[in-house]
1. For the residue pair Asp328 and Asp126, what label-to-label distance in nm results when each label sits 7 Å from Cα along the Cα-to-beta-carbon direction?
2. Quick one: compute the contact order of the stretch 2-343, relative version, from alpha carbon pairs under 8 angstrom and 6+ residues apart, as a percent.
3. How much length would be gained if the chain were fully extended between Arg277 and Lys85, taking 0.36 nm per residue of separation minus their Cα-Cα distance, in nm to one decimal?
4. Testing the spin-label approximation: label points 7 Å from Cα along Cα→Cβ at Tyr65 and Glu241. State their distance in nm.
5. Under the rule of -39500 (n - 2.57) per DSSP H run of 4 or more residues, summed and divided by the residues of the chain, what mean residue ellipticity at 222 nm is obtained, to the nearest 500 deg cm²/dmol?
6. Taking the Cβ of Asp263 as the center, what net charge do the other residues with Cβ under 13 Å away carry, scoring Lys and Arg +1 and Asp and Glu -1?
7. Please give the Cα centre distance for the stretch 119-175 versus the stretch 319-353, rounded to the nearest Å.
8. Taking 26 Å as the cut-off for C-alpha to C-alpha distance, list the pairs among Lys85/Lys322; Lys85/Lys178; Lys110/Lys322; Lys24/Lys322; Lys154/Lys201; Lys178/Lys201 that go past it.
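Just so you know, all these numbers are worked out from the coordinates, no wet-lab data involved. The structure presented is a predicted model; accordingly, all values stated were derived computationally and were not measured. Heads up, the Cβs are rebuilt from the backbone with ideal geometry, glycines too, and the neighbour counts pull from every protein chain shown.
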Amino acid sequence: MFRISHFMHELAQAEATGAYPAPKRRGGEGGALRPHTGPVVIWNLIRRCNLTCKHCYAFSADHDYPGELSTQQVFDVMDDLHAFKVPALILSGGEPLLRPDIFEVAERAKQLKFYVGLSTNGTLIDEPLARRIHDHGFDYVGISLDGIGATHDKFRRLEGAFDRSLAAVRHLQKLGTKVGLRFTMTELNAFDLPKLLQLMKDEGVDKFYFSHLNYAGRGNIHRGKDARHLATRQALDLLYETAWADAQAGGNHEYVTGNNDADGVYLLQWVEQRLPRWADDVRQRLTAWGGNSSGVNIANIDNVGDVHPDTMWWHYSLGNVKARPFSDIWHDTSDPLMAGLKARPRPVTGRCGACQYFAICGGNTRVRAQQVTGDAWAEDPGCYLTDEEIGVESSDERVETTAFSSKRRVIELVPTDS
């Protein structure tokens, strides 16, 4: 996750004081992790969902799935995560509110002092359910809105979904629960981003999460409709200007992006153009951030207990918490993918490996490379920066995002020596 607002507030402070602020260390989901902690865990407690969204990485549908973790198994895993110093749990699905014990799980998580987030489509949240969510002390509720009105409904494949999700935002806002809007951009909905940012302002929402499309589940099947690079740059320009204006005005809204760590490099270019005297400071801070953290500071547990480097790697299991503790699985670098993800630097090749900003983005999102080429260490086709911008020799052989094919070639995930 790339926290645009964090950098914009530092820049605003620098402009106001004449000195770039010293780095702050914050624990939990809201900032940099404390030393010697486990990863933030995104936990898909249930795969069932009342929607069948076009970009769903879990291929969720409205029926039960066998083999899901029981309440006691969830509690046992939670104890291990607590001992492993995992700072935050993001409870997700499917639709997590369809799980009958969701509030028991949340209560136990709060007792163990985890930061607890809820990732939901919001369509089930009426006033009484919003009250239950608020009373159970969720630190944050992320509600997905992938467009305005009919755009969202088409994306989510349910007529009236937008109105129901927006009502959920309002119910929770009224109670004082921290709410964020979650938006995944593709060619089908990119035009609605300005309207959603205005909606955020009008509704007094605290946070906006902009997700680049990642190639997992239905998102992989529909990757042919991924937003093209120019549209991506235009979206980032809008987000950066919006976050900068908020920071200058002393606002406390959060603007973050996910699934494309080139966003950090693009921010550095934004600073070089607009606030060049702070470019070296921002470069140092971005290098310390380090880009993609899949398999390092971000983890995923799915509904049946399989562990993945992040939520987009559901097709690749590192092990199952029914058989081994999460803490053992997470440290095990005998798995070639985990060995590569935890390596510094990662064994990334091609255009990404040669990029002069590799230390900032960390090679970007490995799952896109693997889904398109079969090689997890190839270049990320989702990088929207030009060869000239990243200092590599121009080539006509760039990996292009092609339409999904179930017959793609699969290459073994063995790190290279380069």
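1. So the label points at Asp328 and Asp126 sit 4.6 nm apart.
2. Details: 605 pairs, mean separation 72.0, N = 342.
Relative contact order for the stretch 2-343 comes out at 21 percent.
3. Values: separation 192, 0.36 × 192 = 69.12 nm, distance 3.88 nm.
Contour length minus the Cα-Cα distance gives 65.2 nm.
4. Going from the Tyr65 label point to the Glu241 one covers 4.1 nm.
5. Working: 17 runs with 161 residues, N = 418.
Estimated from H runs of four or more residues: -11000 deg cm²/dmol.
6. Details: positive: Arg3, Arg233; negative: Asp237, Asp261, Asp380.
Summing Lys and Arg as +1 and Asp and Glu as -1 gives -1.
7. Between the Cα centre of the stretch 119-175 and that of the stretch 319-353, the gap is 35 Å.
8. Numbers: Lys85/Lys322 20 Å; Lys85/Lys178 24 Å; Lys110/Lys322 23 Å; Lys24/Lys322 38 Å; Lys154/Lys201 24 Å; Lys178/Lys201 14 Å.
Result: Lys24/Lys322 exceed 26 Å.
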